[in-house]
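Asker: Have a look at this one.
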Amino acid sequence: MTPTDPSRSTLTSAASMRVLAHPTRLRLLGLLRERGPQTAAQLGDVVDEAPGTVSYHLAKLASIDLIEPAEPQTHDRRERWWQATAALTSWDAAELLDDPDKSAASSALQKSVGQVYAAGFANYVDSLPSLPREWVAAGTSSDRILRLTVDELTALTAELDALVARYSEVSEAHDPSDDSGAAPVSVVYQTYRRP
């Protein structure tokens, strides 16, 4: 995908990366992407924050064009609805290395994202006893240390991206209102040269 892809928001400024680096904002953006349009009150119930606090964080996300007002989903016109502007957000950490401010903001955002991933996995592990056995058996958590050249690492990353893109199409074909047995599934993978 390219930065002009309408399904992807690309962050290029240190300020926008700092805005998104807040854990609550990362969570709110993720919820809007997963659940579709929501109000501050609805989101507040999920993240256990007051609607006023959630509204503040939503305004910050809107200020960097990651979310936008959505058509109301009820007849109550006093409610303000929000939606994500794109399915993905990216930034090019390599391109930011020459600018100390952008590089620091990118690092802070990457660490915040990592903390959100770790919290999500911890929640999953805590929920294992209540999940159906077949869902537990279908999942995995694994790691490997490989010796690769930069070209091989680039190819591995591209193959993983293509695989996830293929299953993204499968995911989009499932109607959330249909009882097809499909459920939200987290996919987190990382490829990087060990320091």
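The values are calculated or read from the model by the stated rules, or taken from the named source; none is laboratory data. Since this is a predicted model, take the numbers as computed values, not measurements. Here Cβ is always computed from backbone atoms with ideal geometry, including for glycine, and neighbour counts include all displayed protein chains. What goes into the accessible areas is simple: the full protein's heavy atoms, side chains included, and nothing from ligands, DNA or RNA. Shrake-Rupley method; radii C 1.70, N 1.55, O 1.52, S 1.80 Å.
Asker: Using a Gaussian network model of the chain with C-alpha springs under 10 Å, which one of R78, R144, R33 is most mobile by mean-square fluctuation?
Answerer: Checking each option, the largest mean-square fluctuation is seen for R144.
Asker: Another question, then. What are the residues whose amide H is under 5 Å from the amide H of I67, where those residues sit 5 or more places off or on another chain and H is modelled from the backbone?
Answerer: Placed amide hydrogens put A62, T85 under 5 Å from I67.
Asker: Could you give the DSSP H helices of the chain that reach 30 angstrom or more along their long axis (alpha carbon positions) and whose average Kyte-Doolittle hydropathy is no lower than 0.0? Mind dumping the intermediate values first?
Answerer: On the way: long enough: 100-127 (40 Å, -0.15); 150-173 (35 Å, 0.29).
Flagged H segments are 150-173.
Asker: Which one, A118, S130, P72, projects farthest toward the positive side of the charge dipole computed for segment 58-138 from Cβ point charges (K/R +1, D/E -1)?
Answerer: Value computed over the given set: S130.
Asker: Pick from A122, A21, A158 the residue whose mean-square fluctuation is largest in a GNM of the chain, springs joining Cα atoms under 10 Å.
Answerer: Of the options given, A158 has the highest mean-square fluctuation.
Asker: Tell me, what is the per residue accessible area of the chain in Å², probe radius 1.4 Å? Working shown, then result.
Answerer: Working: 13930 Å² over 195 residues.
Per-residue accessible area for the chain comes out at 71 Å².
Asker: Evaluate the charge dipole of the chain about its Cα centre and quote only its size in Debye, nearest 20, assuming +1 on the Cβ of each Lys and Arg and -1 on the Cβ of each Asp and Glu.
Answerer: On the way: 18 positive and 27 negative charges, 118 e Å.
Approximately 560 debye in magnitude.
Asker: Alpha carbon centre of segment 122-191 versus segment 1-64: separation in Å?
Answerer: Result: 22 Å between the Cα centres.
Asker: Per residue, how big is the convex hull of segment 1-159 when only Cα atoms are used? Give it in Å³.
Answerer: 163
Asker: Given the options E169, E68, E34, state which has the largest fluctuation in a GNM of the chain using a 10 Å cut-off (strictly under) for Cα springs.
Answerer: E169
Asker: I would also like to ask the following. Quick check on the chain: helices-only [θ] at 222 nm, where DSSP H runs of length 4 and up contribute -39,500 (n - 2.57) each and the sum goes over total residues. Nearest 500, please. Intermediate results must be reported in sequence, preceding the final value.
Answerer: Working: 7 runs with 99 residues, N = 195.
Counting only the DSSP helices, I get -16500 deg cm²/dmol.
Asker: If you take every DSSP beta bridge fully contained in the chain, what fraction is antiparallel? Give it as a percent rounded to 5. Show your work: numbers first, answer last.
Answerer: Details: 6 of 9 bridges.
So the antiparallel bridges in the chain amount to around 65 percent.
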